[in-house]
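Below is one structure, written out as structure tokens; comments come after it.
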Amino acid sequence: DVKVTQSSRYLVKRTGEKVFLECVQDMDHENMFWYRQDPGLGLRLIYFSYDVKMKEKGDIPEGYSVSREKKERFSLILESASTNQTSMYLCATRRPTDTQYFGPGTRLTVL
Amino acid sequence: KNEVEQSPQNLTAQEGEFITINCSYSVGISALHWLQQHPGGGIVSLFMLSSGKKKHGRLIATINIQEKHSSLHITASHPRDSAVYICAADNNDMRFGAGTRLTVKP
């Protein structure tokens, strides 16, 4: 079974703080994704990566950056957290033409 | 207009009822995914299909490529089926619907 883990289930941060969300997968998948999920909007792609040290912007990259130093690890960084970044963050991984496997999600609240 | 539209947004059913959730998409796809999300956040894949019909237990997914439409059916619904069901159009990029919140009452 593919296992995708995320560093925290719940996180509370203050406006202006730097926030790190980490995702680790154990199945040697090339492709990794970060999404945010908001009520009524569905899942929106923030960034994705098809290989180590490679990153591509998704639909809503503003205010975020990512890091992929190792194949199994994909980190999402909020450089200066703002209240409009309060959301559920989900990491996913896949092989091309396969389904996506999601982590359990991190519910981030920015005060 | 969203690339992937789901209906209904919310659905309440009595235990045992037959349930249908619909998904229409406007983009070209290599596959269509149905996902399930229980309270607490975790998302699991139910189906990945590119044509015809797939069945897994009480769940059936169908797709009509020409009409760009897919349906998820649940037969003999049960309270444990209560979840958010999400469809996603896949052409390397995944485009997600907003989800259908299903509540099955005992």
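Coordinate-derived values only; no laboratory data. Just so we're clear, the structure is a prediction, and the values are computed from it rather than from any experiment. Ideal geometry is used to build each Cβ from the backbone, glycine not excepted, and the neighbour counts take in all protein chains shown.
Need the list of lysines near A:Lys70 for cross-linking: C-alpha distance under 21 angstrom, and skip anything on the same chain fewer than eight residues off.
A:Lys3, A:Lys53, A:Lys55, A:Lys57
What aspartates and glutamates could a cross-link reach from B:Lys68, if we take a straight Cα to Cα line under 16 Å and drop same-chain neighbours fewer than 8 places away?
B:Glu3, B:Glu5, B:Asp90
Take the alpha-carbon centre of segment A:2-50, take the same for segment B:1-75, and report the distance between them in whole Å.
With segment A:2-50 and segment B:1-75 each reduced to a Cα centre, they are spaced 24 Å.
List the aspartates and glutamates whose alpha-carbon lies under 14 Å from that of B:Lys105, not counting same-chain residues fewer than 8 positions away?
Candidates past the 8-residue exclusion: B:Glu15, B:Glu17, B:Asp81.
Counting only other residues whose beta carbon sits under 14 Å from that of A:Glu69, what net charge do I get with K and R as +1, D and E as -1?
+3
Using the charge dipole of chain A (Lys, Arg: +1 at Cβ; Asp, Glu: -1 at Cβ; taken about the Cα centre), state which of A:His29, A:Phe74, A:Tyr64 has its Cα farthest towards the positive end.
My answer, from the dipole projection, is A:Tyr64.
Taking 1 over the mean of 1/r across every pair of different Cα atoms in chain B, what Kirkwood radius in Å do you get?
Its Kirkwood hydrodynamic radius stands at 13.7 Å.
How do A:Phe48, A:Phe102 line up, fewest other C-beta atoms within 10 Å first?
Ordered by Cβ neighbours within 10 Å, fewest first: A:Phe48, A:Phe102.
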